[in-house]
1. Looking at Ser282, Ser271 in this structure, which one is at pLDDT below 90 and outside any strand (DSSP E or B)?
2. Only one of Leu44, Leu48 is surrounded by 22 or more Cβ atoms within 10 Å (Cβ to Cβ), within 20 Å of Ile115 (Cβ to Cβ) and within 14 Å of ligand 2 (Cβ to nearest atom); which?
3. Identify all residues within the range 214-225 that are at negative phi and assigned to a helix (DSSP H, G or I); write none if there are none.
4. Looking only at the range 219-235, count how many residues are more than 20 Å from Asp199 (Cα to Cα) and acidic (Asp, Glu).
5. Tell me which residues, restricted to the range 229-239, are surrounded by fewer than 22 Cβ atoms within 10 Å (Cβ to Cβ) and either small (Gly, Ala, Ser) or not in a loop (DSSP other than H, G, I, E, B) (or both).
6. Just need a number here: residues in the range 95-133 that are hydrophobic (A, V, I, L, M, F, W, C) and away from ligand 2 (no atom under 16 Å from the Cβ).
7. Restricting to the range 162-179, give me the number of residues that are on the phi > 0 side of the Ramachandran plot and within 13 Å of ligand 1 (Cβ to nearest atom).
8. Of the residues Ala182, Ala192, which is away from ligand 1 (no atom under 16 Å from the Cβ), hydrophobic (A, V, I, L, M, F, W, C), in contact (Cβ under 8 Å) with a residue 12 or more places away in the chain and at negative phi?
Amino acid sequence: MRRTLPLAPSRVARRVELPPRPEGFAEDAPPRLTDAAGRAYTYLRLSLTDRCNFACVYCMPSGGEHDHALRPELLSFEEVVRLVRVFAAGGVRRVRFTGGEPLVRKDVVRLVEMIRASTPIEELAMTTNAARLAELARPLRAAGLDVVNVSVDSLDPARFGEITRGGDLGAVLAGVHAALEAGLRVKLNVVALGGVNEDEVGALVDWAWGLGLVPRFIELMPIGEAAHLPSARFLSAAQVQARLGARLAGGAGVADERAGPARYVAAADGSGREVGFITAVSEDFCATCNRVRVTAMGDVRACLADRKAVSLRDLVREGASDADLSWAIHWALATKDAGHRFTDRGASEHTNVGMSLIGG
Ligand code: SAM
Ligand code: SF4
């Protein structure tokens with residue numbers, strides 16, 4: 001018998017049927033999470049909320065008021081911990097909390113403590129806009145958070161306010177400093193936007209280097225609000241690299257598998273400093289993908305660019321065993337496409353689903 005899973009709202013997910021768990025599957029030891037292309041999954045990105053205290057122009061609708069999940073629709077902390085344990089049993093070693101803005105989730109420090117106390121995860125990271133990091137960096141570090149990736153698209157307060165629709169650059173910069181002082185490893189993400197912050201890419205690199213950090217430029221992906229922006233907003237990594245000109249040694253750079261899909265280009269001055277480029281659109285890195293996503297409402301997503309989802313939350317709430325959960329995750333990954341379809345604008349079905357809903 002095939003069962004149809006209860007699903008998260010259709011704006012976020014596409015209905016899929018989960019075949020019954022094969023007899024004996026994962027009853028002793030769950031198999032490693034792999035897919036048909038032979039990719040192994042060791043990295044989980046889990047969204048803690050679809051809400052945010054910013055409303056970036058490429059991420060949130062104007063005003064930021066999409067239909068947010070209601071509290072009972074979100075995974076509870078206990079559910080998050082249970083799922084992380086199941087993923088860990090399948091080989092996941094690194095977990096990143098994201099959103100929306102993970103720091104607006106109430107009691108997030110307690111969740112970090114719970115993950116550390118009850119799961120074997122080796123590295124716990126968070127992607128954040130840092131607006132609340134000045135107050136939370138120290139308790140997060142004490143609770144066991146290792147890494148924060150902070151998004152900073154401009155160092156000009158007025159421009160920063162425009163991109164984020166009201167974000168306070170001063171609070172973000174204070175958050176970056178607090179994270180460094182608390183002993184967190186800090187990475188910086190920048191989305192380079194044509195005609196918006198492209199004249200600042202050099203200043204952003206100099207600022208990051210001055211703090212001893214590695215800035216990484218992420219290509220704008222045509223999902224959610226970004227799909228409706230003028231095409232002139234898209235800047236390829238090659239265009240950003242060209243703008244950085246003499247600062248960099250040139251060449252394609254080298255990948256650092258542990259650090260994710262970015263390739264890193266060295267500074268021209270031999271100082272060992274670097275700039276990262278994440279070419280999500282211009283050259284996909286799907287062949288080496290090792291990441292699986294869980295949305296704030298508990299859908300497992302094999303790919304950011306595919307709305308196909310299985311609701312782990314509903315399975316948990318129906319009383320599923322760890323073996324059932326492991327099967328659902330395996331099945332979601334086994335049916336994953338070999339590559340994404342970001343570039344078939346219109347033809348694909350991801351364009352109305354923003355990063356804040358899936359978990360960036
Ligand atoms: N609120 C946190 C933040 O901004 O860092 C975490 C969630 S946010 C969705 C994660 C990352 O996705 C941010 O670095 C953001 O700049 C990036 N992002 C959002 N929408 C994007 C898009 N359409 N293309 C590329 N990056 C995007
Ligand atoms: Fe919020 Fe991050 Fe999306 Fe900006 S990119 S609106 S900070 S979730």
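1. On the way: Ser271 fails: at pLDDT below 90.
None of the others qualify; the one that does is Ser282.
2. Working: Leu44 fails: within 14 Å of ligand 2 (Cβ to nearest atom).
Selected residue: Leu48, the only one of Leu44, Leu48 that is surrounded by 22 or more Cβ atoms within 10 Å (Cβ to Cβ), within 20 Å of Ile115 (Cβ to Cβ) and within 14 Å of ligand 2 (Cβ to nearest atom).
3. Residues of the range 214-225 at negative phi: 214-223, 225.
Scanning the range 214-225 gives a single hit, Glu225.
4. The number of residues fulfilling the criteria is 1.
5. Quick first cut of the range 229-239, residues surrounded by fewer than 22 Cβ atoms within 10 Å (Cβ to Cβ) only: 229-234, 236, 238-239.
Passing the criteria: Ser231, Ala232, Arg233, Phe234, Ser236, Ala238, Gln239.
6. Initial filter on the range 95-133 (hydrophobic (A, V, I, L, M, F, W, C)): 95, 97, 103-104, 108-109, 111-112, 114-115, 117, 121, 124-126, 130-131, 133.
From the residues that got through so far, the ones that are away from ligand 2 (no atom under 16 Å from the Cβ) too are 95, 109, 111-112, 114-115, 117, 121, 124.
Result for the range 95-133: 9.
7. Quick first cut of the range 162-179, residues on the phi > 0 side of the Ramachandran plot only: 165-166.
Filter again for within 13 Å of ligand 1 (Cβ to nearest atom), leaving 165.
Number satisfying all stated conditions: 1.
8. Values: Ala192 fails: away from ligand 1 (no atom under 16 Å from the Cβ).
On inspection, the qualifying residue turns out to be Ala182.
The values are calculated or read from the model by the stated rules, or taken from the named source; none is laboratory data. Since we're looking at a predicted model, the values are computed, not measured. FYI the Cβ positions are ideal-geometry reconstructions off the backbone, even for glycines, and counts take in every protein chain you see.
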